[in-house]
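A quick write-up on the structure given underneath.
The values are calculated or read from the model by the stated rules, or taken from the named source; none is laboratory data. Only a predicted model underlies this, so the values are computations on that prediction, with no experimental measurement involved. Here the Cβ is made from the backbone with ideal geometry for all residues, glycine too, and neighbour counts use every protein chain on show. For the accessible areas, the whole protein counts, side chains as well, though only heavy atoms, and no ligand, DNA or RNA atoms are used. Shrake-Rupley method; radii C 1.70, N 1.55, O 1.52, S 1.80 Å.
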Amino acid sequence: NSLHVWVVPWVPFVDGSALLGTLLDEVRRVLKKTLSYLSKSIKNDVQFIENCVAVLQFWTDLYDAKVLQDLTSTLITPRFARSLARVNISITAHDQHWEIIDMLVQISECGLMANDEFLSLLEGEVLPAWAYALFTFIKEGGSDLSAMKTFYRDWRIRMFGRASLRHTSSQQLLRSDSMVCRYFYGGLCMIESSIQANQVMLDNLRPSHPTNSNYKVAMMRRAREHKGRRSAKDDLLEATTQDRGDHKIATFFEVVESFARQRE
């Protein structure tokens with residue numbers, strides 16, 4: 001029987017924070033051992049991640065989010081990165097497989113992965129391949145505008161949701177992230193270069209090869225960015241209490257709206 005079936009019903013009856021703390025510490029050790037065992041025994045990445053989520057999801061109400069996110073970071077994220085790096089990005093819509101990408105969104109939605117790690121996996125393992133696939137298609141003479149538009153639209157909806165619907169927490173996070181928006185704006189510019197048959201513009205948009213990126217590099221970049229923002233915020237707060245010191249960045253909606261206005 002699963003551990004949560006035995007432990008969770010008794011938590012309301014545990015008298016004293018010290019006893020509860022001891023119980024939760026022991027459960028955390030068992031969870032870590034369980035995930036480690038699954039990592040060694042399940043070779044298929046998708047099946048491994050599914051089993052890990054099944055183990056952890058029952059404990060989100062008992063533990064601080066960081067406790068479970070640390071377990072995810074140590075034991076699940078490396079397998080996620082490996083699997084995402086193997087995803088074949090296809091310009092043809094019906095050839096695209098979404099399973100592992102949808103699982104990444106799912107684990108973010110249920111709070112088992114830290115926001116920066118979620119964004120870094122996309123930035124380091126998925127979006128470089130996405131941009132490179134679109135660039136290569138155009139560079140090699142691909143002129144099917146309908147296929148490019150469908151490719152872009154499908155990924156935009158998958159990442160950002162539809163404008164007319166309420167957005168999930170992960171979609172809101174992606175919409176507010178400058179680097180993710182930058183990739184999609186770059187994709188629009190590549191499509192524009194194809195329409196105009198502008199090879200110079202396309203060459204200037206050449207993305208780096210996907211093998212030059214990974215989620216660890218993206219995590220380090222984000223850490224430096226956060227540190228820089230905190231420093232800038234502190235400097236501005238010294239000058240005025242009215243200015244929060246945040247750097248205003250364009251959201252995806254603003255980028256697309258601006259692009260559309262230029263075409264009117």
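So the values come out like this:
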read-out: Helices (runs of 4 or more DSSP H) fully within the range 187-264 counting 3 or more residues that are at pLDDT below 90, more than 18 Å from SER120 (Cα to Cα) and open to solvent by less than 70 Å² (accessible area, probe 1.4 Å); value: 215-239, 252-262
read-out: Breaking point among (1) under 20 Å from the mean Cα position of the chain (by Cα); (2) open to solvent by 30 Å² or more (accessible area, probe 1.4 Å), for GLY124; value: (2)
read-out: Hey, TRP6 surrounded by 18 or more Cβ atoms within 10 Å (Cβ to Cβ), at pLDDT below 85 and more than 21 Å from THR168 (Cα to Cα) or not; value: no
read-out: Flag for VAL55 being within 23 Å of LEU24 (Cα to Cα), open to solvent by 20 Å² or more (accessible area, probe 1.4 Å) and of a type in the set (Val, Ile, Thr); value: yes
read-out: Pairs with Cβ under 6 Å, 6+ apart, first in the range 134-154 and farther than 13 Å from MET190 by Cα, second open to solvent by less than 70 Å² (accessible area, probe 1.4 Å) and part of a helix (DSSP H, G or I); value: THR150/ALA93; ASP154/ALA93
read-out: Contacts under 8 angstrom Cβ, first residue in the range 194-212 being farther than 25 Å from ALA85 by Cα, partner exposed (fewer than 12 other Cβ atoms within 10 Å of the Cβ), 6 or more apart; value: SER194/SER143; SER194/LEU145; ILE195/LEU145
read-out: Qualifying residues in the range 140-180 (those that are open to solvent by less than 20 Å² (accessible area, probe 1.4 Å) and either assigned to a loop (DSSP other than H, G, I, E, B) or among the acidic types (Asp, Glu) (or both)) - the one farthest from LEU104 (Cα to Cα); value: GLY142
read-out: Search result, residues across the range 88-114 that are in a loop (DSSP other than H, G, I, E, B), closer than 30 Å to LEU145 by Cβ and open to solvent by 30 Å² or more (accessible area, probe 1.4 Å); value: ASN88, THR92, HIS97, TRP98
read-out: Residue check for ALA85: under 25 Å from MET219 (Cα atoms) and free of Cβ contacts under 8 Å to residues at least 60 places away in the same chain; value: no
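This table checks each residue for (1) modelled with pLDDT under 95; (2) open to solvent by 20 Å² or more (accessible area, probe 1.4 Å).
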position	(1), (2)
LEU68	yes, no
SER73	no, yes
THR77	no, no
ASP116	no, yes
ILE138	yes, no
